[in-house]
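Please read the structure below before turning to the comments.
The values are calculated or read from the model by the stated rules, or taken from the named source; none is laboratory data. Predicted model only: the values in this text are computed from it and were never measured. Positions of Cβ are generated from backbone atoms using ideal geometry, with glycine treated the same way; all protein chains shown enter the neighbour counts. Ligands, DNA and RNA are stripped out before the accessible areas are found, and what is left, the full protein with its side chains, is counted by its heavy atoms. Shrake-Rupley method; radii C 1.70, N 1.55, O 1.52, S 1.80 Å.
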Amino acid sequence: MARLVIDPVTRIEGHMRCEAVVANGKVKDAYSSCTMWRGIEIILKGRDPREAWVFVQRLCGVCTTVHAMASIRAVEDALKIKVPRNADLIRNLIMGNQCVQDHVIHFYHLHALDWVDVVSALKADPAKTSELAKSISPWPNNSTTYFKAVQDKLKAFVERGQLGIFSNGYWGHPAYKLPPEANLMAVAHYLEALDWQKEVIKMMAILGAKNPHPQTFLVGGMAIPIDPESQNGINAGTIAALNKYADMGIEFVEKVYIPDLLAVASFYKDWANYGGNVNFLACGEYPEANGKLWLPAGVIKNKNLKEIYPVDHKKIMEYITRSYYTYSKGEKAGLHPWDGETTPNYTGPKPPYEYLNVDGKYSWGKAPRYEELPMEVGPLARVLVAYASGHKEVKEVADMVMKKLGVGPEALFSTLGRTAARGIIALLTAYKIKDFISELAANIKKGDYTIANTEKWDPKTWPAEAKGMGWHDAPRGALSHYIVIKNKKIENYQMVVPSTWNLSPRDHKGVRGPVEEALVGTPVADSKQPLELLRTIHSFDPCMACGMHIVEVKEE
Amino acid sequence: MDKETIYEGLVRRGVSRRDFLKFCASTAAVLGLSSSYIPQIAEAMEKKEKPVVVWLHFQDCTGCSESVLRATKPTIGQIVLDVVSLEYHETIMAAAGHQAEKSLHDAIHKYKGKYLVVVEGAISTKDGGIYCCIGGRSSVDIMKEVAKDAAAIIAIGTCATYGGIPAAKPNPTGAVGVRDIIKDKPIINLPGCPLNVENFTATVVYFLTFGKLPKTDRLGRPLFAHGILIHDNCERRGYFDTGEFAKKWGDDAHRKGKCLYELGCKGPFTYHNCPTIRWNDGVSWPVMAGHPCVACSEPKFWDDNAPFYAEVTNKDSFFAKASKIGLGAMAVAGLTKKENKE
């Protein structure tokens, strides 16, 4: 048996490992495993529920903000705190800004190099690149001189021989399909996006004090005051600055990200055939003034877009049959997160090791299931649920994207669909941010400066026991936190994160998790350079750096 | 082929001489150096080869890498392509798997004794290292191998420096900082949760300009970033001294920018340059925005400085008393200045 080991997979967050079996040029089976554990659930026990968000935000610095959001919502749910509208608006702006910036970074800096051959860009004709760029977008950086300058810089960099982050890439791999001009355009935008991301995120820095890990979240509201007559609160100058960064977001997504996404996707339409799943869950996001969510929640089963089921967190169970934990109720039990247990039980190989024991426990991630089914979460779930629910804005943009690519809704159930859905959400969110700013400005004009509900701030006002949960449809998907409070302290804290759903190992019935399932059937042209697997794995935007093992079975 | 200098790299990427000198000036400012040092910094940038950097991730959240992505002086594009030669960084490198491991091994062999190692995240020591494995190897193993031939190590963020959040009680995985594992190399600690990129850039420039790591306090932190208490540079300090405090979120005092001490601010116990350099290109920092400092650059802040929303009473009775009576007279006498010494 020929064996090939690939480890680590890069351009993702965290530490994760997959082992895949490849036969006859296709992935036959795959195992997804998280290889890092910090025990934050255990660290939280006995602490003040009001500060849980500071701790859990450190789960991830790439999708910073998201765990803080879910945490304060869980505590507010437990203590029955109604948050003032201004706080919801500030939170919406922080979440929206995070989503737009994060999706652009994902496309250019984490995912693009799976589709874009940097070395091929050296062969591009700058004049033709300029023609291509002008044909798809009015973005001003589109002259021959501009692309020539980018190419010259790239050439000098390559000729110097110190390739740094671009060294040892899969350049020249047969699965790369873009012409040199499209590659050059994408490389130019890779560099532009690097400069853009640090600017656009200043919206969060203003409202959150800093990024990453903003620090103005608060159980009951937000800690950044509003006062148009003060230099220390959100004032007219703040509103002007928010609008500036909102416009910067819209412009780049509209004129660079979406045109690039469509241009690149048009060369890779065969990827509508690979990497799909059948069950999806979106928890909905962005509270509106009417109490509803702007993007709807819902569950899709077996690709049936005709029936959207409401989401009920009580139907979530986590299994540990194949995860490095034990449950007091036994190996096959499923536990709702309120009753969740975090008792480590490592039965894997002793490091250094070459392979996991994939027949037994093989991951630090648990296996969450909704009515016993694995669920894909993330931009694709969000788009599918909204599309099937008849959400006007989502339908318009999704139809535009599908029309331009010449594909129907069935193409969405794929790696291509997942990557396109991320662009659709980024564009709509960039627009929506403007509405939230206007509403905040209108509230200030009316004299409403409230930022927090402090009635329950003092723990003396709390019941002896309480439990709550908080949803947040984070950039990477449906996130939920669960808290049990006893005698003013955290009794139990559990988190079911997007990557726990998507990168879940097998469950008590041996059913694969969404990434494992999506990888099955992926073509592999050269098993020494499994670029195609990276495409599907990256399309989920995993929140943990993935060590990946491929086991190649000799063709029989 | 000759290796290019940092300045050549910046010129090649279209950075003007004027912008280059501005970068040198702002770096001198972060380092707390007078403007007379600017020519020395500029000269080093013009003459020194780009340092080779190997970046390791262990028990981390990638927040410190994200923070470095927000660099503005110079930008991350300039840092990655021109200021340093970044040979290994799992979050942004193109290569994966074998090819990624090759990049790591090539770098540590080819630049033996010369490369800088940046470490992000804590190192898990418990149960044979099973809680953090990359490529089937424990974080302790990888740390020791890569440190062996390094010129120096820069530990970034409170996890890599002191264990950080995974080391918070009860430290389920035996998480520690780099200095607990590596004893025979120059190591500088740049804590913060995450670290502030300006302090990272300034440390690299210091190393290039003066050929050594900056002076540190007893916790291994550079004095230019951690020499003075947040409290002593805080824009709200005047209100502490006169005893004017925000009492409730959104009350008049909170809206008017008064002192956050009674809402739990840990600025009086935290050595960090947040008030002077702020975050995200100088946009803001927690106290400026209205939320207390949580002491994120102090070694065991998750335990020693929690609960974050309670006024500290057991820590330093001086401050506890001061908050009640106001500090005017004592401040005038200079009694509250707390300098961090080597």
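Return the whole-Å distance between the Cα centroid of the stretch B:180-247 and the Cα centroid of the stretch A:492-524. Centre-to-centre (Cα) distance: 41 Å. Take B:199-205, B:119-125, A:500-506 and order them by the average number of nearby Cβ atoms within 10 Å per residue, most first; the result is B:119-125, A:500-506, B:199-205. Each Lys and Arg adds +1 at its Cβ and each Asp and Glu adds -1 at its Cβ; summed about the Cα centre, the stretch B:66-121 shows a dipole of about 220 debye. For the chain pair B and A, the buried solvent-accessible surface (1.4 Å probe, both sides summed) amounts to about 7900 Å².
In a reduced charge model with +1 at each Lys and Arg Cβ and -1 at each Asp and Glu Cβ, the stretch A:55-170 shows a dipole moment near 260 debye about its Cα centre.
How would you classify the stretch A:25-164 from its alpha-carbon gyration tensor, with a ≥ b ≥ c the square roots of the eigenvalues: rounded for a/c under 1.5, else prolate if a/b is greater than b/c, otherwise oblate? It is prolate, given that a/c is not under 1.5 and a/b is the larger ratio. Could you list, in their original order, any pairs among A:K80/B:K248; A:K434/B:K266; A:K198/A:K528 whose Cα atoms are separated by more than 24 Å? Distance filter (> 24 Å) returns A:K434/B:K266; A:K198/A:K528.
Taking every DSSP beta bridge that has both residues in chain B, what percent is antiparallel when rounded to the nearest 5? Beta bridges within chain B, antiparallel portion: roughly 40 percent. Ranking of A:E254, A:E51, A:E354 by solvent-accessible surface, largest first: A:E354, A:E254, A:E51 (1.4 Å probe, protein heavy atoms only, all chains present).
The charge dipole of the stretch B:221-318, taken about the Cα centre with unit charges on the Cβ atoms of Lys, Arg (+1) and Asp, Glu (-1), comes to about 160 debye, rounded to the nearest 20.
Rolling a 1.4 Å probe over the protein heavy atoms gives the stretch A:378-495 an accessible area of 37 Å² per residue. On a per residue basis, the stretch B:1-154 carries 34 Å² of accessible surface, using protein heavy atoms and a 1.4 Å probe. Mean partner shielding of peptide A:453-464, defined as the number of other chain Cβ atoms within 10 Å of each residue Cβ, is 1.
Inter-chain neighbour count for B:168-178: the average number of beta-carbon atoms from partner chains within 10 Å of each residue's beta-carbon is 4. Averaged over peptide A:55-62, the number of partner chain Cβ atoms lying within 10 Å of each residue's Cβ comes to 6. Atom-type composition of the exposed protein surface of chain B places 53 percent of the accessible area on carbon and sulfur (1.4 angstrom probe).
Considering only beta bridges that DSSP places wholly inside the protein assembly as shown, some 70 percent are antiparallel. Using only the Cα atoms of chain A, build the gyration tensor, take square roots of its eigenvalues as a ≥ b ≥ c, and label the shape rounded, prolate or oblate: rounded if a/c is under 1.5, else prolate if a/b is larger than b/c, else oblate. Oblate shape, in that a/c is at least 1.5 and b/c is the bigger or equal ratio. Farthest toward the positive end of the dipole of the protein assembly as shown, out of A:L207, A:S438, A:S137, is the Cα of A:L207, where the dipole comes from beta carbon charges about the Cα centre. At R0 = 60 Å, how high is the FRET efficiency between B:T242 and A:Y353 if r is their beta carbon distance? Nearest 0.05 is fine. Efficiency, rounded to the nearest 0.05: 0.45.
Comparing each chain alone with all protein chains together (probe 1.4 Å, DNA, RNA and ligands left out), the residues of the stretch A:316-351 losing at least 20 Å² of accessible area are A:Y346, A:P351. Distance between the 7 Å Cα→Cβ label points at B:A310 and B:A25: 4.9 nm. In this structure, the pairs whose alpha-carbon distance is over 30 Å, taken from B:K148/B:K215; A:K445/A:K467; A:K292/B:K247; A:K361/B:K183; A:K244/B:K73; A:K82/A:K366, are A:K445/A:K467; A:K292/B:K247; A:K361/B:K183; A:K82/A:K366.
Placing B:E244, A:E181 in order of accessible area, with the largest value first and a 1.4 Å probe, yields B:E244, A:E181. Atom-type composition of the exposed protein surface of chain A places 52 percent of the accessible area on carbon and sulfur (1.4 angstrom probe).
Which residues does a label at A:Y309 reach in the stretch A:362-385, if reach means a backbone N under 14 Å from a point 7 Å past the Cα toward the Cβ? Taking a point 7 Å out along Cα→Cβ of A:Y309, the residues of the stretch A:362-385 whose backbone N falls under 14 Å are A:369-376. Put B:H98, A:H103, A:H313 in order of accessible area, highest first, and with a 1.4 Å probe you get B:H98, A:H313, A:H103.
Over all other residues within a Cβ to Cβ distance under 10 Å of A:V358, the charged ones net out to 0, with Lys and Arg as +1 and Asp and Glu as -1.
In percent, rounded to a whole number, the relative contact order of the stretch A:167-318 is 14, using alpha-carbon pairs under 8 Å and six or more apart. Compute the angle between helix B:197-210 and the longest alpha-carbon principal axis of chain B, please, reported from 0 to 90 degrees and rounded to the nearest 10. Approximately 60 degrees, to the nearest ten. Probing with 1.4 Å while keeping every protein chain in the model, the per residue accessible area of the stretch A:204-309 equals 33 Å².
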